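Any read-out appearing in this document is the output of simple, stated calculations on the displayed coordinates, not a laboratory observation. Values in this document were obtained by computation on a predicted structure and should not be read as measured data. Note that we place each Cβ from the backbone using ideal geometry, even for glycine, and neighbour counts take in every protein chain shown.
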Amino acid sequence: MEFNTVWRDCMRYRKLGRTGLDIGCIGFGALPLTGLDEEKASEVLNAALDAHMNFVDTARGYRESEVLIGKSIADRRKEFFLATKTRARQEEKIRQELETSLMNLETNHIDLYQVHYVNTSEELGEVMSRGGALSVLQKIRAEGICDHVGITGHDAAVLLEAAKTGEFDTVQGAFSYMEKEQKIYDLIDFCHKNDIGFIVQKPLAGGAITPVDAALKWLLDHPVSTVIPGMVTVEQVVENAAVGSSEAAITEEEKAELDGLAQSLDSKFCRRCNYCHSACPLNIRIGVILEFYGKAKNPDNFPLSQRWYRGFEVNGSDCTECGACLPECPYNLPIPDMLKEAHELLY
C-alpha cells in the first residue's frame, strides 16, 4: 500500500493528508508529560526533537503539558509541527482556551487545532451546527492563528461521520493491536482515500501493550499519517524513534507475541467506547478511570496515573455496584470489580 513515505534526517516522514505537512511516522504524544517535572520533561522533549520527531500533539486539557512544552522547546519552534486541542464547544470558551494555549506554548501559531473528544453523533451534531465549534475553528484558521483543523474522539464510527463531512483536515482516533475492530479500518481507509490525515492515538493501548517495537511496526504497516505514543523517558524516545527510522517489517514471531498478549488482556481491557458512562447514575468517568488503571500497570506511567485518578471528585470507591453499566458494555467487562481494583491501586 502506498504511504507517500519519504526519508529525511534518518526518519520516515509521511504526508499529513491534505495539509501537505511532512511529519515523522512516529510523533510525540504529550499527555504523559504531566507526570514529569520541568527538568525531566525538557530532557524527553529535546530528545524527541533530536530524534527527528517533528510532530508534537498536546491539548488544553492535558494539565501542565502545554506549559512544559513551551518552557522546554519553544526556542526550537521551527523544528516541529505543533498540534493542540480544545474540548470547548462555544466561541467565547474556545477563544479563552486558545489564548491560554498560545501563552502556555509560548507561540503565536498552531499548526493543527483540533476539536477534542467528540464521541457521539449528538456531540458531532453540536460541533457541526451553525455557530458551533467547527465554525469557530474555521474562523481562527482564517485569522491565521492556526493552519489546519482536525477532530479527535474514541468512537471510530462517529469519527467516520465527521470525516465524511469533508470539513476536517485530520482525524485522530485510537488504534492498536487491542483496538482493531472493523470500524477503525473503515475510518482509516476512508481517510487514506480522501486525503485526510489520520493520527493514531493510544497506539500501545494506554500502555497495556508491552512489545513496543512490534506494536509500532504493525501500526505503521497501515496507511496512517503518524503514530503518537506517549513518552516519559529518553529511553522510550530512543526506542520509538528507532522504529520510525527503520524499514524493518513486523515478523511472524512478533505477531504471535502480540496475539498472545491480546488474548491475555482481552477479558479485562477497556476500549473506551464510553457506553457505560451515560448509564452510571453517579456519573463516574468509568472509561477514563480504567484507561489510567491500564496505564498504571507500567511502572513508568504509575505517577501520572495516580495523580490523574486522585484528581477525580467521583472515583471508583463511589461505585455502588448497581450494575447499570454492565448491559451497556459490548465486551462484557466486570466493570464494578475493575473500578475497585483501580481504586485500590491508584488511591
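Of note:
- Summing Cβ point charges (Lys, Arg +1; Asp, Glu -1) relative to the Cα centre of the chain gives a dipole of roughly 640 debye.
- Cβ distances below 4.7 Å define possible disulfide partners, and in the chain the cysteines left without one are CYS10, CYS25, CYS146, CYS191, CYS270, CYS273, CYS280, CYS319, CYS322, CYS329.
- Sum of side-chain charges, GLY131 neighbourhood, beta-carbon under 12 Å (Lys, Arg +1; Asp, Glu -1): 0
- Averaging the sequence gap over all C-alpha pairs within less than 8 Å and six or more residues apart, then dividing by the number of residues, gives the chain a relative contact order of 17 percent.
- Estimated from helices alone, the mean residue ellipticity of the chain at 222 nm is -12500 deg cm²/dmol (sum of -39500 (n - 2.57) over DSSP H runs with n ≥ 4, per residue).
- Taking a straight line from the alpha carbon of LYS297, these lysines sit under 29 Å away, with near neighbours fewer than eight places off in the same chain left out: LYS40, LYS85, LYS180, LYS183, LYS202, LYS217, LYS255, LYS268, LYS340.
- Ranked list, fewest to most other Cβ atoms within 10 Å of each Cβ, for THR100, THR19, THR58, THR226: THR100, THR19, THR58, THR226
- The stretch 270-346, relative contact order [Cα under 8 Å, separation at least 6], %: 36
- For PHE55, distant residues with modelled amide H under 5 Å away: GLY24, PHE28, PHE81
- For the stretch 81-138 and the stretch 238-259, distance of Cα centres in Å: 35
- Shown for ARG310, ARG12, ARG63: other C-beta atoms within 10 Å of each C-beta, ranked fewest to most, produce the order ARG310, ARG63, ARG12.
- About the Cα centre, charge dipole magnitude for the stretch 270-346 (Lys/Arg +1, Asp/Glu -1 at Cβ), debye: 260
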